[in-house]
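Comments concern the structure below.
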Amino acid sequence: MAKVIKPGQRLAESALGFLLRPWLGRAPMAPPEILDSNPERILLVRAHDMIGDMIVGTPAFSAIKSLFPRARLTLVCQPRQEPVVRHHPALDSVLPFDRRAVNRSPKEAWRFLRKLRAVGADGAFVLNTVSFSSSSALVAALSGARWIVGGDSGDLGWRFVDWVYSLSLP
């Protein structure tokens, strides 16, 4: 079942958004603008730890590659999912994201951030399946990608995707 944020969390999100929006915010873009952007490097973010959802989400890798055939695709996923997707023909590389380690250690968080920024993503897709992932949206935003496409948070209450994503899909 989806977890809806509480009023206190919504207030914290608003305050944090006020501080982060100048650095992480992106201008809205229409689909034709994204398609015409000719990205060289695209980040795919699937940070949920649900291996079945990862498997059923893999056709998205091929679909994105067909839209941007010259782009290099890097997938961010949980470490235990990396062996499942490592040899997917649409992917050029996989960057494991151990959320627990990143949350536990500032040194690990800094190490992951350096690797993420080194990808040099021109664009990013946040791949959600049955639920919204705020950590996936944040990873995409921290990547420095010029544009981010992802699913909206629906009725869950998270509103930061309105300024983090360039294009929010239902």
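Every read-out reported here was derived from the displayed coordinates using simple, explicitly stated rules and does not represent laboratory data. Keep in mind the model is a prediction, meaning the values are calculated, not measured. Because the Cβ atoms are built from the backbone with ideal geometry, glycine has one as well, and the counts that use them run over all protein chains shown.
Quick look at the values:
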| item | result |
| --- | --- |
| Of the trypsin sites (Lys or Arg not before Pro) in segment 63-170, those whose Cβ has at most 10 other Cβ within 10 Å and which sit in DSSP loop | Arg70 |
| Size of charge dipole - segment 24-170 - debye, nearest 20, with Cβ of Lys, Arg +1 and Asp, Glu -1, no other charges | 640 |
| Nearest-0.05 FRET efficiency for Glu40 and Leu169, computed from C-beta distance (R0 22 Å) | 0.45 |
| Calculated FRET value between Ala109 and Ser66, using beta carbons and R₀ = 35 Å, to 0.05 | 0.55 |
